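First comes the structure, then the notes that go with it.
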Amino acid sequence: MAYFKVAFGFLVTAFLSAAVSLAHPGLGFGWGGVGAPGGQSGAPSYGLFPQFYQFSCPQAEDIVMSVLEKAIAKEPRMAASLLRLHFHDCFVQGCDASILLDNSATIVSEKNSLPNRNSVRGFEVIDEIKARLEEACPQTVSCADILAMAARGSTVLSGGPSWELPLGRRDSKTASLSTSNNNIPPPNSTLQNLITLFQRQGLDEVDLVALSGGHTIGVARCATFKQRLYNQNGNNLPDQTLERTYYYGLKSVCPKSGGDNNISPLDFGSPVKFDNLYFKLILWGKGLLNSDEVLLTGNVGNTMELVKAYAKDENLFFKQFAKSMIKMGNISPLTGFNGEVRKNCRLVN
């Protein structure tokens, strides 16, 4: 009889724990702490863990992938846009989906910051994923987790690596236009500036070079590289590190005046395939942005060696990209009772 009471008591406790976990996803009862599955070994995972939606929304990742497959088949460039959204989100207030909030009475949207204005995109794809998830599992899967899952899915669908993704982020009730302006690395950054901005997020130069490899897919606007073509050092001369034929090709896309929204691929050899050609192009003087080029020529730290290593060994790059994406996705997430799970990613509840 005593055994039955103990066993019954344990079952009730286990049931209540599970019920509270489902009702308040994010409490997690100590799961996903230091060295949690999918987290960086030795780095705290802030209560995030890959099985977060195992019971509350087991079909979440399938829903995300089905929307992504259609969107990327229709427009392959969308993969890079979604990867960039996650990056531009995490570097501001942490990975909290603040970038998705539109202007309102209480919100000054990050969409209008200098790095984002007329350039961040993919919001409609996130809206569609959210609508499908709300149908299947109302108010369960956060917009911040949708961004993280979309970034991984976009990488995979472009031929890149996958990774075990810690989940359980919640959504912010605020946005910060000024932090978006100050924290997102500009395309004309010096290497020291890049290292400083990444260090501010707890990311080192290995993360910097690996995550820059995300430029293996996607495009950039003429406005972001025009300076390299016409006035790199304030002397009305082009950047001498640009390979000549590449330089002339870029000039035809990006005139000295006007054409700011004309686009050029960041990796012209395989612009929609996630591979290590980006690093080879940098070695050949064919990196598009100043922030790409300085990884080789910036003379700070070990970035040159890393560029050469990733150019030589795609598998090494893929492994480090996955590790660095997990690390970036762990920047200051809201968990537990912090933040909320938005019903509409563009609006605070």
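Is it the case that Asp267 is open to solvent by less than 20 Å² (accessible area, probe 1.4 Å) and either part of a helix (DSSP H, G or I) or over 19 Å from Leu194 (Cβ atoms) (or both)? No: the conditions fail for Asp267.
Yes/no per residue for (1) open to solvent by 20 Å² or more (accessible area, probe 1.4 Å); (2) in contact (Cβ under 8 Å) with a residue 24 or more places away in the chain:
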{"residue": "Asp292", "(1), (2)": "no, yes"}
{"residue": "Gly301", "(1), (2)": "yes, yes"}
{"residue": "Glu305", "(1), (2)": "yes, no"}
{"residue": "Asp313", "(1), (2)": "yes, yes"}
{"residue": "Asn330", "(1), (2)": "no, yes"}
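Report whether or not Ser332 is on the phi > 0 side of the Ramachandran plot and either in contact with a Phe, Trp or Tyr (Cβ under 9 Å, 6 or more places away or on another chain) or in the same structural domain as Leu82 (by the TED database) (or both). For Ser332, the condition - on the phi > 0 side of the Ramachandran plot and either in contact with a Phe, Trp or Tyr (Cβ under 9 Å, 6 or more places away or on another chain) or in the same structural domain as Leu82 (by the TED database) (or both) - is met.
Only one of the numbered conditions (1) under 26 Å from Ile326 (Cβ atoms); (2) assigned by the TED database to the domain that holds Asp275 is not met by Lys173, and that is (2). Pairs linking a residue in the stretch 66-94 that is among the basic types (Lys, Arg) and at pLDDT 95 or above to a residue that is open to solvent by 60 Å² or more (accessible area, probe 1.4 Å) and assigned to a loop (DSSP other than H, G, I, E, B), with Cβ atoms under 8 Å and 6 or more positions apart or on different chains, are Arg77/Val272. Would the stretch 178-188 turn up any residue that is touching a Phe, Trp or Tyr at 6+ places or on another chain (Cβ under 6 Å) and either buried (at least 22 other Cβ atoms within 10 Å of the Cβ) or closer than 24 Å to Ala220 by Cα (or both)? Looking for residues that are touching a Phe, Trp or Tyr at 6+ places or on another chain (Cβ under 6 Å) and either buried (at least 22 other Cβ atoms within 10 Å of the Cβ) or closer than 24 Å to Ala220 by Cα (or both), one finds at least one in the stretch 178-188, hence yes. On inspection, Arg170 qualifies as closer than 24 Å to Pro58 by Cα, modelled with pLDDT of 95 or more and open to solvent by 30 Å² or more (accessible area, probe 1.4 Å). Of all the residues in the stretch 133-155, those that are buried (at least 24 other Cβ atoms within 10 Å of the Cβ), out of contact with any Leu (no Cβ under 7 Å at 6 or more places or on another chain) and not in a helix (DSSP H, G or I) number 1.
Within the stretch 103-122, residues that are within 16 Å of Ser81 (Cα to Cα) sit with their Cβ atoms under 8 Å from residues that are open to solvent by 20 Å² or more (accessible area, probe 1.4 Å) and of a type in the set (Asp, Glu), at 6+ positions apart or across chains, in these pairs: Lys111/Asp102. Looking at the structure I just gave you, is Leu283 of a type outside the set (S, T, N, Q) and either open to solvent by 70 Å² or more (accessible area, probe 1.4 Å) or free of Cβ contacts under 8 Å to residues at least 40 places away in the same chain (or both)? So Leu283 passes the test. Confirm whether Ile326 is in a loop (DSSP other than H, G, I, E, B) and among the β-branched types (Val, Ile, Thr). Answer is no for this residue.
Taking each residue of the stretch 214-229 that is outside the structural domain of Phe321 (by the TED database) and looking for partners that are open to solvent by less than 10 Å² (accessible area, probe 1.4 Å) and part of a helix (DSSP H, G or I) with beta-carbon atoms closer than 8 Å, six or more apart or interchain, yields nothing. For the stretch 52-64, the set of residues classified as surrounded by fewer than 17 Cβ atoms within 10 Å (Cβ to Cβ) and either among the hydrophobic types (A, V, I, L, M, F, W, C) or touching a strand residue (DSSP E or B) at 6+ places or on another chain (Cβ under 8 Å) (or both) consists of Phe55 only. Would you pick out the residues in the stretch 236-254 that are of a type outside the set (D, E, K, R), open to solvent by less than 70 Å² (accessible area, probe 1.4 Å) and part of a loop (DSSP other than H, G, I, E, B)? If the condition is that a residue be of a type outside the set (D, E, K, R), open to solvent by less than 70 Å² (accessible area, probe 1.4 Å) and part of a loop (DSSP other than H, G, I, E, B), then Pro238, Thr241, Leu242, Cys254 are the ones that fit. Across the stretch 255-264, a minimum of one residue is classified as under 25 Å from Pro76 (Cβ atoms) and outside any loop (DSSP other than H, G, I, E, B).
The values are calculated or read from the model by the stated rules, or taken from the named source; none is laboratory data. Everything numeric here is computed off the predicted structure, so don't read it as measured data. Using ideal geometry, Cβ is built from the backbone for each residue, glycine included, and neighbour counts are taken over all protein chains shown. Each accessible area value is taken on the protein alone, full model and side chains, heavy atoms only, with ligands, DNA and RNA left out. Shrake-Rupley method; radii C 1.70, N 1.55, O 1.52, S 1.80 Å.
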